[in-house]
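First comes the structure, then the notes that go with it.
The values are calculated or read from the model by the stated rules, or taken from the named source; none is laboratory data. Nothing here was measured: the structure is a model prediction, and the numbers come from that model. All Cβ positions, glycine included, derive from the backbone under ideal geometry; neighbour counts span all protein chains shown. Calculation scope for accessible area: heavy atoms of the full protein, side chains included, ligands and nucleic acids excluded. Shrake-Rupley method; radii C 1.70, N 1.55, O 1.52, S 1.80 Å.
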Amino acid sequence: MAVESSPPQVTPDGRVELSDTGPIEDSRFFNPELAPVPIEQRTWTTYNFFALWMGMAHNIPSYTLAASLIALGMDWVQAFLTITLGNLIVLVPMLLNSHAGTKYGIPFPVFARAFYGIRGANLVALLRAFIACAWFGIQTWVGGKALHVIIGRLVGEGWSKASEVGGQPWTLWLCFFGFWVVQMLVIWRGMDAIRRFENWTAPLVSIGFLILLGYVLVKAGGFGPILHSGSKLGWGPDFWKVFFPSLMGMIAFWSTLSLNMPDFTRFGGSQRKQVTGQILGLPTTMSFIAIVAILTTSGAQALYGEAIWDPADLASRFDNTFLVLIALMSLVLATISANLAANVVSPSYDFSNAFPKRITFALGGLITGVVGVLIQPWRLISDPSIYIFAWLGFYGGLLASVAGVFVAGYWVIKKTRLELPDLYLDGRGAYWFNGGWNWRAVLATLVGSVLAVGGAYGGPFPANGLIPFLKPLYDYNWVIGFVAGFLVFFALKDNTAKETTR
């Protein structure tokens, strides 16, 4: 049953506003940052969403994602098609889950309460949060490496070849932690500071990548040596063996955002604005960065005899110090922009959702930064095969099952109708289920996750797979997880609809 309060107001364009939050403000599952955004504060335009995606997509890990496919043996056509197809696929659940944010003004962890229960939502929110923490650490590490190269060019080899601590120059650790502190300062200023940072950096972040490409093209003698460089895999079985797990990795790269886009779309001025901004933003910006990375890495392969997939390492080989500085400063800005939006906003809300009365957005961001260091991100990005097949593939399969539950629950079972006040109630309401948990959603997620990643192999996993008979499914982990999560939760829909509240 719904809480006794003023009913939510519905605008002509279908957005819902909870005008009176008084009856739910005493709930331990409520705080101002998790509360529905008032209509007058839902001001993000099409450009804001486009700029958000430009800022998130144009970063060093996006570059290394594309470059790693060249390092695995693909030619530029195969790599570009793999990335473009992956982005188009992940855009579908992303837009489907974005709808609830704009309609109800709620963030991802509150949206999850509708299907997993008020308490159960913490299961998927914290799963998403810890993955974001790892990504925050990865972005901070690669940004710190770029900063290390910049300073090394300015002050000389005494900096770049300093004595090592933990296998790395101590100066690199200094850049890493300095980069970390700068981001923490921006986070502490809140969500609006992040939005403003995205808006002014978005038009600038492409400069560094274009400089890298231009330099390589000049040195390699134009596009000819790059475009005529054949695939090491061909188009036969060797290619398809790499293609499908690589495609899953491309989907997994943004599968995190496919869940938590409500964290941003809750500020949307309309459904049309957020949909248009995302359609213009994600496929175009990722295709741009993909082709730049692919051509640059292919050119570097022609120049240096190896596929250098880390842009900081590539830039460090350039002769022109001025170009190196301009390129890497642009990449540093790009990485900060992407990290704040893609890897801080979500876990800040997620940690706040776990302890609404104790953890604010800013404190959640600080927790994200600390965990991101403790995860040791330099290990996750040390090798392209581990990066794609182990890291991206494994977590992509886990999150895919959650996306399947969301899409089945919101669009098929609930038909986009949610009881907004009940999402914050303690001990009663439509989403309390059994002690705050909906075991059906948990079961659907568990089944989807086991099928998707139970057969994980390679890298840190056994060669025969964690569960050997599931190994063939791992190459299709995201699709398996999404379909299984969707179907299991949908199969339980009649019982879910009859669940009584108390």
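Each Lys and Arg Cβ is given +1 and each Asp and Glu Cβ -1; about its Cα centre, the chain then shows a dipole of about 480 debye.
Computed over protein heavy atoms with a 1.4 Å probe, the carbon and sulfur contribution to the accessible area of the chain reaches 66%. A cut-off under 14 angstrom between Cβ atoms defines the neighbours of L303, and their net charge, with Lys, Arg +1 and Asp, Glu -1, is -1.
Stretched out fully, how many nm does the piece from W188 to L374 gain, at 0.36 nm a residue minus the Cα gap? Numbers along the way, then the final one.
Values: separation 186, 0.36 × 186 = 66.96 nm, distance 2.01 nm.
This chain segment gains 65.0 nm when fully extended.
Within the straight-line cut-off of under 19 Å between alpha carbons, the lysines reachable from K241 are K232, K471, sequence neighbours fewer than 8 places apart in one chain being disregarded. I'd like the orientation of helix 46-57 relative to the chain: the angle between its Cα long axis and the longest Cα principal axis, in ° from 0 to 90, rounded to 10. Its long axis makes an angle of about 50 degrees.
Computed from point charges on the beta carbon alone (+1 for Lys and Arg, -1 for Asp and Glu), the dipole magnitude for the range 226-349 about its Cα centre is near 460 Debye. Residue ranges 147-153, 137-143, 451-457 sort as 137-143, 451-457, 147-153 when ordered by packing (mean number of other C-beta atoms within 10 Å per residue, highest first). Given a 1.4 angstrom probe, what's the average accessible area per residue across the chain, in square angstrom? Solvent-accessible surface per residue comes out at 36 Å². For the chain, the 222 nm mean residue ellipticity estimated from helices alone, with every DSSP H stretch of n ≥ 4 adding -39500 (n - 2.57) and the total spread over all residues, rounds to -20500 deg cm²/dmol.
Packing-wise, with mean Cβ within 10 Å as the measure, how do 159-172, 118-131 rank, highest first? Mind dumping the intermediate values first?
Working: 159-172: 14.4, 118-131: 23.3.
Going from most to least packed, we get 118-131, 159-172.
So how do 315-324, 344-353 stack up, highest first, on mean other-Cβ count within 10 Å? Let's see the in-between values first.
On the way: 315-324: 15.7, 344-353: 28.0.
Result, highest mean first: 344-353, 315-324.
Please name which of L323, G369, P36 has its Cα lying farthest along the dipole of the chain towards the positive end, using unit charges on Cβ (Lys, Arg +1; Asp, Glu -1) and the Cα centre as origin. Going by the charge dipole, the pick is P36.
In percent, rounded to a whole number, the relative contact order of the chain is 29, using alpha-carbon pairs under 8 Å and six or more apart. Compute the acute angle (0 to 90°) between the alpha-carbon long axis of helix 321-343 and the principal axis of greatest extent of the alpha-carbon atoms of the chain; round to the nearest 10°. Long axis of 321-343 versus the principal axis of the chain: about 20 degrees. Taking V218, V412 and ordering them by how much accessible surface each has at a 1.4 Å probe, largest first, produces V218, V412. Look at the dipole of the chain built from charges on Cβ: of V407, G269, A51, the Cα furthest out on the positive end belongs to V407.
So, R0 is 51 Å and r is the distance between the beta-carbons of S160 and S19; what FRET efficiency does that work out to, to 0.05?
On the way: r = 58 Å, r/R0 = 1.15.
Once rounded, the FRET efficiency stands at 0.30.
With a threshold of 18 Å on the Cα-Cα distance, the over-threshold entries among K414/K493; K273/K415; K103/K414 are K273/K415.
If you work out Rg/Rh (Cα atoms, Kirkwood Rh) from the coordinates, which of [x] 0.95; [y] 1.01; [z] 0.98 do you get? Looking at Rg/Rh (Cα atoms, Kirkwood Rh) for this model, the match is [z].
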